[in-house]
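Okay, so here's the structure we're looking at.
What follows is calculated from the coordinates using simple rules that are stated; it is not laboratory data. Note that the structure is a prediction, hence the values are computed from the model and not measured. Using ideal geometry, Cβ is built from the backbone for each residue, glycine included, and neighbour counts are taken over all protein chains shown.
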């Protein structure tokens, strides 16, 4: 069985896909609401090198290498963007990375109670507020 040479477009596509998966993995792990479970580790390992990924990008191929580089770039890219945003914000300090602390709101400001509705306005029950 001969191995085909991957084109630049295929390599960029595999790297882009890996960066999206890495970005999403960091996002999901950062916004967890419960403690870490073994199922979390299984899902991360599955996303990084599971059967579906190996079917798309065969192990040892240039495509799998580009996917791995993209995964690294997306995962740590999220962290670097977070560092920049926390550094630029007046509301957060370095303690945010340790335990999520933030500065108290200024007079006249308040933090809404309840869960964060997210960008789409999810009411916490899997439905969009109407």
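Rounded to two decimals, what ratio of Rg to Rh does the range 8-99 give with C-alpha atoms and a Kirkwood Rh?
For the range 8-99, the value is 1.06.
For a label point 7 angstrom out from the Cα of residue 86 toward its Cβ, which stretches of the range 7-42 have the backbone nitrogen within less than 20 Å?
22-36
Can you tell me how much longer the chain between residue 56 and residue 111 gets when fully stretched, taken as 0.36 nm per residue apart minus their C-alpha distance, in nm with one decimal?
15.3 nm
With label points built 7 Å along Cα→Cβ from the Cα atoms of residue 102 and residue 47, find their separation and express it in nm.
Taking the two extended label points, one gets 2.3 nm.
Compute the FRET efficiency between residue 29 and residue 9 as 1/(1 + (r/R0)^6), taking r as their Cβ-Cβ distance and R0 = 25 Å, and round to the nearest 0.05. Each step should come with its number before you reach the end.
Numbers: r = 31 Å, r/R0 = 1.23.
Calculated transfer efficiency: 0.25.
Please work out the FRET efficiency for the pair residue 20 and residue 94, using the Cβ-Cβ distance as r and a Förster radius of 35 Å; give the result to the nearest 0.05.
0.80
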